[in-house]
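Worksheet: the structure to be examined is printed underneath.
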Amino acid sequence: MLPFARRLYAPMCRAIAQAHQFESQTSSGLAFGAAAVVVFSSAAFAHCDCCQRFPGSGNKTAMKRNAEETPDAWQKGKEGLDKEGVAAGRVIMRMKAEETPDAAHRWSEELDNSLDHKAVLDAAELARLASTGALPVVQHPVVMAPNVPPPVTRRHAARVVANIECIDKVMPVSQFHKYPYWTFNGGVPGPFIRARVGDALELHFTNHDSSGMAHNIDCHAVIGPGGGGPCTFAEQDETKTGIFKLMHPGLFVYHCAAAPAPQHIQNGMFGMLLVEPEEGLPRVDREFYMMQHEIYAIESGDSSLLEPDYESGLAENPMYVLFNGKEGALVNRPLMSKQGERVRIFFGNAGPNLTSSFHVIGQVFDKLYRDADLVSPPARHVQTTVVPAGGATVVELNAVVPGTYTLVDHSIFRLDKGAVGFLKVKGAPRPDIYDSKAMPQTCPNCKLHD
């Protein structure tokens, strides 16, 4: 692990280890009668294993971890910290084990039988499991942005096997900076997965993160606790497998949701899953894959290497807003099309904070599958569409006039934080549609035009 990463995550890792140590006691019928207090600073943060909210951005902020709401215990813990002058980043666990009749059933009530392999299944459930096991197996290729796997042509369900692995690597995010990404399969965004409604997705997730961080995959298309996160939670060098029936068509974001989830997302752990309707999607000539996300960081001792900065994330003040993980990713290597072709763009917004106003300068979306709804009739002739963090959309346009078309988030100041790309259309002039009396001229040094 890089030195700054050790400084940033060491307090959190200690908190996780202590939380896991006591989790077995909690799930066996014990609850903590006093608070476990975690102190935060701007350079280090920790989290509660029960996924409570992160604290505010003050230099000394306390958060409790308590299986039961005990205001008195929390107050005592806070007073103890004030008296002792505990250093920021130190984790204090004060616990008094008490028998609680509800604690032993806490996890079974939350998860029911969704992850219980010893549960007694009735005949109908056994039949459903057998039918899933009998599906033909399709090995899904690893396809990275901006490319997209070919359309699904089969008209029957299958068992789609996809392999995703976490690989940490330092990657350039601009001509000035590099960033320590946690990638899915070595790229940002991660692989594009394409399936059909009714398919069973068999997701194999391997964690090769050399920092020792645990990761998982929360897929917005998955119906069940954590979107599959508990099934895919993997420590270093572990492989976990989840099998999920894809019940809803649409374009869905997947991302790591291991705590702290915002950090894992900004570190590049996201991608998209397309679940086609039974009848498939209308044919087009070109398909492309784009995702937007933000980086919250500060410069380290090595001015070119960025350090994640949790406080700027809390303030929602990103250093970069990027398409496909890097400033210029779609400028230096633009999307390419030919005149007369119909183009479809699968666009997702990983966030972790900002809403995108996706727009293509010089184009109108002939069809807009708003919120990636692939079943309702698409909207027509739309200029700009809003894509929330954790959301997606599908747009189609016609490449009629040749030239360069600029892909932007129309919250336009983000242009200078990296949110810009190009779609280039090759072909013959169309003066009947686009013409001028003088030679067209672009403004010098303008990021909006090539």
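Based on what the data block shows, is E316 more than 26 Å from H410 (Cβ to Cβ), open to solvent by 40 Å² or more (accessible area, probe 1.4 Å) and touching a strand residue (DSSP E or B) at 6+ places or on another chain (Cβ under 9 Å)?
Values: more than 26 Å from H410 (Cβ to Cβ): no; open to solvent by 40 Å² or more (accessible area, probe 1.4 Å): yes; touching a strand residue (DSSP E or B) at 6+ places or on another chain (Cβ under 9 Å): yes.
Taking the combined requirement at face value, the residue does not satisfy it.
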Item to check | From A379, A399, residue being small (G, A, S), modelled with pLDDT of 95 or more and open to solvent by 20 Å² or more (accessible area, probe 1.4 Å) | outcome: A379
Checklist entry - Taking strands (runs of 3 or more DSSP E) that do not extend beyond region 343-431, which have at least 3 residues that are closer than 22 Å to N324 by Cα and of a type outside the set (D, E)? => result 356-361, 365-369, 384-387, 391-398, 403-409, 420-426
Checklist entry - If the Cβ limit is 8 Å and pairs must be 6+ apart or interchain, which residue in region 415-436 that is exposed (fewer than 10 other Cβ atoms within 10 Å of the Cβ) pairs with which residue that is part of a loop (DSSP other than H, G, I, E, B)? => result A428/Q339; A428/P402; I433/V400; I433/V401
Item to check | Those residues of region 189-207 which are of a type outside the set (V, I, T), more than 16 Å from V275 (Cβ to Cβ) and open to solvent by 10 Å² or more (accessible area, probe 1.4 Å), in sequence order | outcome: H204
Checklist entry - without any contact (Cβ under 8 Å) to a residue 60 or more places away in the chain, open to solvent by 10 Å² or more (accessible area, probe 1.4 Å) and either in a strand (DSSP E or B) or in contact with a His (Cβ under 8 Å, 6 or more places away or on another chain) (or both) - does that describe any residue in region 289-298? => result yes
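Tell me, which residue of region 382-396 that is touching a residue at least 60 places away in the same chain (Cβ under 8 Å) and not polar (S, T, N, Q) is surrounded by the most Cβ atoms within 10 Å (Cβ to Cβ)? Give the derivation first.
Taking region 382-396 first, the residues touching a residue at least 60 places away in the same chain (Cβ under 8 Å) are 387, 390-394, 396.
Retained after the next criterion (residues that are not polar (S, T, N, Q)): 387, 390-392, 394, 396.
On the way: V387: 23, G390: 17, G391: 21, A392: 23, V394: 25, E396: 18.
Per the criteria, the residue is V394.
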Checklist entry - For residues in region 303-337 being in a loop (DSSP other than H, G, I, E, B), over 20 Å from the mean Cα position of the chain (by Cα) and not aliphatic (A, V, I, L, M), which is farthest from L423 (Cα to Cα)? => result S303
Checklist entry - Restricting region 144-162 to residues that are within 20 Å of F244 (Cα to Cα) and surrounded by fewer than 16 Cβ atoms within 10 Å (Cβ to Cβ), which is modelled with the lowest pLDDT? => result R155
Item to check | Test result for F176, open to solvent by 20 Å² or more (accessible area, probe 1.4 Å), in contact (Cβ under 8 Å) with a residue 12 or more places away in the chain and either among the aromatic types (F, W, Y) or closer than 20 Å to L281 by Cα (or both) | outcome: yes
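Among P431, P440, P377, which is under 30 Å from A221 (Cα atoms) and over 25 Å from the mean Cα position of the chain (by Cα)? It would help to see each step written out before you state the result.
Working: P431 fails: under 30 Å from A221 (Cα atoms); P440 fails: under 30 Å from A221 (Cα atoms).
Only one candidate qualifies: P377.
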Next on the checklist: For the condition surrounded by fewer than 19 Cβ atoms within 10 Å (Cβ to Cβ), modelled with pLDDT under 90 and under 24 Å from I217 (Cβ atoms), what is the one hit in S131, S114?
Outcome noted: S114
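Here is a check on your reading of the model: is K424 in contact with a strand residue (DSSP E or B) (Cβ under 7 Å, 6 or more places away or on another chain) and closer than 16 Å to G362 by Cα?
Values: in contact with a strand residue (DSSP E or B) (Cβ under 7 Å, 6 or more places away or on another chain): yes; closer than 16 Å to G362 by Cα: yes.
Taking the combined requirement at face value, the residue satisfies it.
The values are calculated or read from the model by the stated rules, or taken from the named source; none is laboratory data. Predicted model only: the values in this text are computed from it and were never measured. Cβ coordinates were reconstructed from backbone atoms using ideal geometry, including for glycine residues, and neighbour counts include every protein chain displayed. Side chains included, ligands, DNA and RNA excluded: accessible areas come from the protein's heavy atoms. Shrake-Rupley method; radii C 1.70, N 1.55, O 1.52, S 1.80 Å.
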